[in-house]
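Down below is the structure, laid out as structure tokens.
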Amino acid sequence: MRSADIGRYGAAALRILVVAAVYYGAARIGLLQQLVRDQVTPLWPPTGVALAALLVLGLRVWPGVALGAFLVNVSLGPSVPAVLAITAGNTLAPVCACLMLRRARFRVELDRLRDVLALVFLGALAGMLISSTIGSGALVLSGALEPGEFWPTWSVWWTGDAMGVLVVAPFLLVLRGARWPRRAGPGRWAEGAALVAATVVVTGLATRTPHTTLLFLVFPVLIWAALRFQLAGAAPCALAASTLAILAATGESGPFADQDLFSSMVTLQAFNGTTALTALLLAAVITERNRTYEEIQQVCTRFSDMVAEMEPRSESYEFPREPRSGSYEFPPRRLPP
């Protein structure tokens, strides 16, 4: 085996191990907010990590997703068959979502409205049906859950995986293309710092005020982030707002106080879903508008250059003189040879 092949296989193995490590770390963070059987959470970050890794690095890193899922579930699963089934579901869901997004010609820049819609309906809502169905079914078949608990567990599992795609995957895709803003002036930096502070303060106030629902106060901040910073501002703000809301829900504080599990999940996932959709859709629309404006400017510039090139020719051309009033000048008659 040549050294080039060894280096290529070594780089591939390293990428797989990195994906597995990041998946495992994101899973441990997600399990801190478990709601059902110590392993079903309202936000499952590993799904966003897995989908972003497959979109950026390619389907060749799917063993890293499977390895990370197995390491997480082996300490949680009730039996080896259930662990293997859950691992298979957690791997197949992002793989199928990636294949569907590729079929839809998805672009990881998320700079088009169609890309955001594809991520929502194909990547999150449709793709995560696989993991929630297989995982909940495996828990019921293994005896860890009663048959009557299948649908409540399935709903929490599905929404948690879908929120992981909608909230975490865009944030990771933004980090992939992030560059240090060299032309940003002091005013731009001050506005960014004010946006971060407003996101934390407003979301904390909305999710910690007792006996009052003030979650709608978050949306002006998201609109501000999308209008001024597009996806680079909208994705982190949506992630921060969803994280603070989940902490409030698990702590049963603010608008989630004195609510049962079902009511709390409905309120939480409705907030997370509308937050992610508002931020991503508005950021995509603003990005498309800016790109269209730049294209129009380029066309106008080329048109003005063409007109400027034609002006000297128009000055050198002499138009025929008009005949005097009351007379008509016939063209000269040419005699035949």
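The values are calculated or read from the model by the stated rules, or taken from the named source; none is laboratory data. Source: prediction; values computed, not measured. Here the Cβ is made from the backbone with ideal geometry for all residues, glycine too, and neighbour counts use every protein chain on show.
If you check P170 against the conditions, is it surrounded by 18 or more Cβ atoms within 10 Å (Cβ to Cβ) and not charged (D, E, K, R)?
Yes; evaluated as a whole, the condition is true for this residue.
Show the residue pairs that are 6+ apart or on different chains and have beta-carbon atoms under 9 Å apart, the first residue being within the stretch 50-64 and among the aliphatic types (A, V, I, L, M), the second being outside any helix (DSSP H, G or I) and surrounded by fewer than 20 Cβ atoms within 10 Å (Cβ to Cβ).
A52/V108; L55/V108; V56/V108
Among the residues of the stretch 96-116 satisfying the criterion of being over 25 Å from V156 (Cβ atoms) and in contact (Cβ under 8 Å) with a residue 60 or more places away in the chain, which is surrounded by the most Cβ atoms within 10 Å (Cβ to Cβ)?
Checked the stretch 96-116; the qualifying residue surrounded by the most Cβ atoms within 10 Å (Cβ to Cβ) is L110.
Part of a helix (DSSP H, G or I), among the charged types (D, E, K, R) and surrounded by 15 or more Cβ atoms within 10 Å (Cβ to Cβ): is that true of R228 in this structure?
Yes; evaluated as a whole, the condition is true for this residue.
For residues in the stretch 244-281 being under 22 Å from F121 (Cα atoms) and of a type in the set (S, T, Y), which is surrounded by the most Cβ atoms within 10 Å (Cβ to Cβ)?
Among them, the one singled out is T275.
With the structure loaded, tell me whether A198 is assigned by TED's automatic domain parsing to the domain that holds A279, buried (at least 16 other Cβ atoms within 10 Å of the Cβ), touching a residue at least 24 places away in the same chain (Cβ under 8 Å) and within 18 Å of Q230 (Cβ to Cβ) or whether it fails that test.
Taking the combined requirement at face value, the residue satisfies it.
Can you give me the number of residues within the stretch 173-195 that are surrounded by 11 or more Cβ atoms within 10 Å (Cβ to Cβ) and not in a helix (DSSP H, G or I)?
3
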